[in-house]
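Values quoted throughout were computed directly from the atomic coordinates according to the rules given, and no laboratory measurement underlies them. Predicted, not measured: the structure shown is a model, and the values here were computed from it. Cβ atoms come from the backbone with ideal geometry, glycine included; neighbour counts cover every protein chain shown.
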Amino acid sequence: MSVPIHETWTVTKPAIRSAGGLVASHHHEASEIGAAVLDAGGNAVDAAIATGMAIGVAEPWMSGLGGCGYMVFHDAKTKQTHAVDFGTRSPLGLDPAAYPLEAGKDTDADLFGWPRVVDDCNVQGPLSIGVPSVVAGHALALERFGTMSWSDVLGPAIALAERGMKIDWYATLRIALEAPGLAKYPASRDFFLPDGLPAISLNAAALTTRRNDAYLATLKRLAEVGPDDFYRGDIAASIAQDMAAMGGSLAVEDLAGYQASAGTAAQSAYREVTINVPPGLNAGPTLQDSFQRLEALWTPGDAPDGDAYLAYAAAMEGAYEQRFATLGDSDKAGESCTTHFTVIDRDGNIVALTQTLLSVFGSRVMLPGTGILMNNGIMWFDPRPGRPNSMGPGKRPLSNMAPTIVTRADGSGLMGLGASGGRRIMASVFQLISFVSDFGWDLDRAFHQPRIDVSAEAAIAVDSRLDESIRQALADRHVTVDLPYAVNPTLYACPNAVCDNHDGTHEGAAFVMSPWAKVAAGG
């Protein structure tokens, strides 16, 4: 099956090589901030935390203090790979009865196509909010593996927040697409929709900026008194107060009881490499399952041909089937507001970090006291009772994040990568790893190679740039739909990666179709 293709241009974004460090992220200013931290002597973890805090200011609909995530860190000296889990939890006061299914409605209109809940209260609004955990995760990662102080790594984000978020055409587009939801919540409306319309710059040479004074004050307080204040201090009290006023279930007890965790990454062998992912309720186990199936199904040739893509499809379909049967999840893809960034420093330490608000603009709720745009983590749960991923109080949901580090047989780091894109993340990471490890490609070639996606049951999405023989081979065995690799909507995941070439050089690549994504060199 094919659809009209309206985008006829060819877009390239060359990978960057350096003897020093590299930071690849979805926003050029955040990448440059991370690179500056490397220049100042910080390691990959220092740069990653600074990047993560900054990107929450530069593109707040993707992530920020109101989100959650996972990190994987490869220590080049010890050749050990670690994982930091800062996934969200549902509030202890969550009542499943507050999320009744709406009779006569098949599915919601957001990411996962769950049965629709009355008023979409699991998708947006105060009842959709899970425990924000980015601060706990970043603080733990910095304490365990970083070299710089908490206040120092927050400094660049504070400077960015003092200037304000730049409003270029892409920012206006992202805001406009979610304007109806943002308009429902006063603080969100006032910040993103001044005068009731999406923020816009009339002069491209002198962009308008939007400064979130409450968020700036929150960042400054975090830098001054430390991350514990977010969970057991004045910031926590403000969050809980605003949530109570809105009728949400997130309370001060949920914040006080939250803890991120760090441990050894989950490892699995694939041919001559090892796949290192966060353990637990994310897409990492499904990624590892896909590679185990691929190794049994297929032997690599000289380049990815029709047989390779058929094997990719079969491996991922089998792994997804296992995921749905044992962990829950859904049957539709959609856009997420996840962001991913990857860092390698001069010494070869690698960080892959994914953080998210889940949907674009998360719950759409900005808290007036702190200026934090909050996640809608409750949407990760199946609203139907009695299922592996059903909602309940104090539970961890199944997420789609897949920050991954690939190591060589000798334990050294080969590459770190990840993506945004909801259920499409795993397929992107899976194929990019195969392009590099099975065919010996560099990141530049791998990132410009068309991919497929199998996360929707109805049809396999096939990049319309793929060779006709490969598209035909897939169409002979599967229901397929040819879809363009586009700026918007993003019909495939949005990856970035770094690679240690083992010859004294490093390489980094950013999502090709994004007008913002960039690799910056530093250190």
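Kindly state, to the nearest 0.05, the FRET efficiency for Ala206 paired with Ala486, given R0 = 25 Å and r defined as their beta-carbon distance. Mind showing how you got there, number by number?
Details: r = 29 Å, r/R0 = 1.16.
The formula returns an efficiency of 0.30 here.
In a shell of Cβ-Cβ distance under 13 Å around Ile16, excluding Ile16 itself, what net charge do Lys and Arg (+1) and Asp and Glu (-1) give? Working shown, then result.
Details: positive: Lys13, Arg17, Lys518; negative: Glu32, Asp442, Asp444, Glu507.
The answer is -1.
Can you order the peptides 57-63, 289-295 by their average number of other Cβ atoms within 10 Å per residue, highest first? List each step's numbers first, then the result.
On the way: 57-63: 26.3, 289-295: 21.0.
Put in order of decreasing packing, that is 57-63, 289-295.
In whole angstrom, how far apart do the alpha carbon centroids of region 68-107 and region 460-485 sit?
33
Give me Rg over Rh for region 1-105, both radii from the alpha carbons and Rh done the Kirkwood way, two decimal places. Intermediate values should be presented prior to the final figure.
On the way: Rg = 20.3 Å, Rh = 17.9 Å.
Ratio of gyration radius to Kirkwood radius: 1.13.
How do Asp229, Asp39 line up, fewest other C-beta atoms within 10 Å first?
Details: Asp229 17, Asp39 14.
Listing Asp229, Asp39 from fewest to most nearby Cβ atoms yields Asp39, Asp229.
Rg and Dmax of region 111-181 over Cα atoms: what are they, in angstrom?
Answer for region 111-181, Rg first and Dmax second: 17.8, 48 Å.
Anything over 30 Å Cα to Cα? Flag those among Lys13/Lys220; Lys77/Lys166; Lys79/Lys395; Lys184/Lys518; Lys77/Lys395; Lys13/Lys166, in the order listed.
Details: Lys13/Lys220 36 Å; Lys77/Lys166 39 Å; Lys79/Lys395 33 Å; Lys184/Lys518 33 Å; Lys77/Lys395 37 Å; Lys13/Lys166 22 Å.
Cα-Cα > 30 Å for Lys13/Lys220; Lys77/Lys166; Lys79/Lys395; Lys184/Lys518; Lys77/Lys395; rest within.
In region 8-84, what trypsin sites (Lys or Arg not before Pro) fall in a loop by DSSP, with at most 14 other Cβ atoms inside 10 Å? Numbers along the way, then the final one.
On the way: sites: Arg17, Lys77, Lys79; in loops: Lys77, Lys79.
Those that pass, being in a loop and sparsely packed, are Lys77, Lys79.
Could you give the Stokes-Einstein D for the chain in µm² per second, using the C-alpha Kirkwood radius, 4 °C, 1.567 mPa s?
It comes out at roughly 57 µm²/s.
Any idea what % of Cα-Cα pairs in region 409-478 are farther than 19 Å?
Working: 1006 of 2415 pairs.
Tail fraction, whole percent: 42.
Could you work out the local net charge near Val45, counting Lys and Arg as +1, Asp and Glu as -1, over the other residues with Cβ closer than 15 Å to its Cβ?
So the environment of Val45 carries a net charge of -3.
May I ask you to sort Met71, Met165 by Cβ crowding, counting other Cβ atoms within 10 Å and putting the fewest first? Before the final figure, lay out the partial values.
Details: Met71 30, Met165 23.
Going from sparsest to densest Cβ surroundings: Met165, Met71.
Using only the Cα atoms of region 366-523, build the gyration tensor, take square roots of its eigenvalues as a ≥ b ≥ c, and label the shape rounded, prolate or oblate: rounded if a/c is under 1.5, else prolate if a/b is larger than b/c, else oblate. Write down the numbers at each step before the final one.
Numbers: a/c = 1.72, a/b = 1.21, b/c = 1.42.
Oblate, since a/c reaches 1.5 and b/c is not below a/b.
Take the alpha carbon gyration tensor of region 65-186, find the square roots of its eigenvalues, order them as a ≥ b ≥ c, and report rounded if a/c is under 1.5; if not, report prolate when a/b exceeds b/c, else oblate. Don't jump to the answer; show the numbers that get you there.
Details: a/c = 2.45, a/b = 1.52, b/c = 1.61.
The shape class here is oblate.
Quick one: check the C-alpha center-to-center distance for region 263-295 versus region 226-248, whole angstrom.
36
Taking other Cβ within 10 Å of each residue's Cβ, how do Phe73, Phe381 sort, fewest first? Present the calculation step by step, with values, prior to reporting the outcome.
On the way: Phe73 29, Phe381 25.
Taking fewest neighbouring Cβ atoms as first place, the list is Phe381, Phe73.
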